[in-house]
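K.L.:
Sharing a structure with you now.
The values are calculated or read from the model by the stated rules, or taken from the named source; none is laboratory data. All of these numbers come straight from a predicted model, not from anything done at the bench. FYI the Cβ positions are ideal-geometry reconstructions off the backbone, even for glycines, and counts take in every protein chain you see.
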Amino acid sequence: MSDLATTIRQLVAGNRILANEGIVDAMGHISARHPDNPKRYLLSWARSPGLVEAEDIMEFELDGTPVKDNGKPIYIERPIHGAIYEARPEVMSVIHNHCYEILPFAITRTPMRPAVHNARRIGENVPVWEIRDKFGDTDLLVTTMDQGRDLASVLRANKAALMRGHGCAVTGLTIPDAVQTAISMKINARAILQGMQLGEICYLTPGEINAKQAGAASLKGFDRSWDYLCRKAGIAP
């Protein structure tokens, strides 16, 4: 199987998993940098993620222009993906979602910080992008490259950024990396929200966040989480 075919297969799996895990519903999207051309990316036409098939995947320039316009509707928030790929050459996958558990952190001053061990991957800081700072009152959607680039400038080298009143953008060095980070953010958010009902949250320390990964998860080629998520979503790993 070619690199492109493998990437498309993983991208379809990513869409299905995100839908199955409640990260996306009818809205939200995941993309992948083109394996043969880093100045392009792959993204479905504007379908609900849980319905995406291999033939739905389209190819886009970084500015969001479709390489081949097939006449189907396309996601209007493509600039989130293109601007992040443009700014972060190491990023190979981008997710935009409005996960319900994340939203409280996007509408309050309470920061998203790792509190449980599987959220170490989000890093010490999840910045919040405020679209009003540069663009005033909008519908909060990221529909221009200027807006996407401003979001990317706040994301910087972080794994994810919250979007005030909207949702978040998540990055990954691979498609599975981005998907598992998005899931970890949901788990972490839910744990914090439930924990606050009992008392003060004990967040992870910087040392705990940056500690060397131990155990089977550190073994090359070993990824039982991805296998599990694929099977759970009803697709082959």
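K.L.:
So, in segment 181-224, how many residues would count as being aliphatic (A, V, I, L, M), modelled with pLDDT of 90 or more, part of a helix (DSSP H, G or I) and over 23 Å from the mean Cα position of the chain (by Cα)?
P.N.:
Qualifying residue count, segment 181-224: 0.
K.L.:
Now, a different point. Please report, ordered by residue number, the helices (runs of 4 or more DSSP H) entirely within segment 1-117 with at least 2 residues that are within 22 Å of T144 (Cβ to Cβ), in contact (Cβ under 8 Å) with a residue 60 or more places away in the chain and more than 15 Å from the chain's Cα centre (by Cα).
P.N.:
In segment 1-117, the matching helices (runs of 4 or more DSSP H) lie at 78-87.
K.L.:
Evaluate the following for P66: is it crowded, with 17+ Cβ neighbours inside 10 Å and either farther than 20 Å from V12 by Cα or not hydrophobic (A, V, I, L, M, F, W, C) (or both)?
P.N.:
So P66 does not fit the description; no.
K.L.:
Here is a follow-up. Within the bounds of segment 113-120, is there any residue that is at pLDDT 95 or above, farther than 25 Å from D227 by Cβ and hydrophobic (A, V, I, L, M, F, W, C)?
P.N.:
Looking through segment 113-120, at least one residue is at pLDDT 95 or above, farther than 25 Å from D227 by Cβ and hydrophobic (A, V, I, L, M, F, W, C).
K.L.:
Restricting to segment 144-171, what's the tally of residues that are of a type in the set (S, T, Y) and either touching a Cys at 6+ places or on another chain (Cβ under 6 Å) or surrounded by fewer than 17 Cβ atoms within 10 Å (Cβ to Cβ) (or both)?
P.N.:
Here the count works out to 2.
K.L.:
Okay, moving on. Select, from S2, S93, S44, S48, the only residue that is modelled with pLDDT of 95 or more, surrounded by fewer than 17 Cβ atoms within 10 Å (Cβ to Cβ) and hydroxyl-bearing (S, T, Y). Step through it out loud before you land on a result.
P.N.:
On the way: S2 fails: modelled with pLDDT of 95 or more; S93 fails: surrounded by fewer than 17 Cβ atoms within 10 Å (Cβ to Cβ); S44 fails: surrounded by fewer than 17 Cβ atoms within 10 Å (Cβ to Cβ).
After ruling out the rest, the residue left standing is S48.
K.L.:
Which residue, of R132, R109, R120, is among the basic types (K, R), farther than 16 Å from M27 by Cα and surrounded by 16 or more Cβ atoms within 10 Å (Cβ to Cβ)? Before you say what the answer is, go through the steps one by one.
P.N.:
Details: R132 fails: surrounded by 16 or more Cβ atoms within 10 Å (Cβ to Cβ); R109 fails: surrounded by 16 or more Cβ atoms within 10 Å (Cβ to Cβ).
Selected residue: R120, the only one of R132, R109, R120 that is among the basic types (K, R), farther than 16 Å from M27 by Cα and surrounded by 16 or more Cβ atoms within 10 Å (Cβ to Cβ).
K.L.:
Still on this structure, please answer the following. Does A178 fit the bill of being surrounded by 17 or more Cβ atoms within 10 Å (Cβ to Cβ) and within 23 Å of L11 (Cα to Cα)?
P.N.:
Here the answer is yes, as A178 does meet what is asked.
K.L.:
Can you report the number of residues in segment 96-106 which are surrounded by fewer than 16 Cβ atoms within 10 Å (Cβ to Cβ) and of a type outside the set (F, W, Y)?
P.N.:
1
K.L.:
Counting just the residues of segment 73-90 that are surrounded by 24 or more Cβ atoms within 10 Å (Cβ to Cβ) and of a type in the set (A, V, I, L, M), which one comes out nearest to D139 (Cα to Cα)?
P.N.:
Residue satisfying both the conditions and the ranking: I80.
K.L.:
What is the number of the single condition among (1) small (G, A, S); (2) in a helix (DSSP H, G or I); (3) without any contact (Cβ under 8 Å) to a residue 60 or more places away in the chain that A178 does not meet?
P.N.:
Unmet condition: (3).
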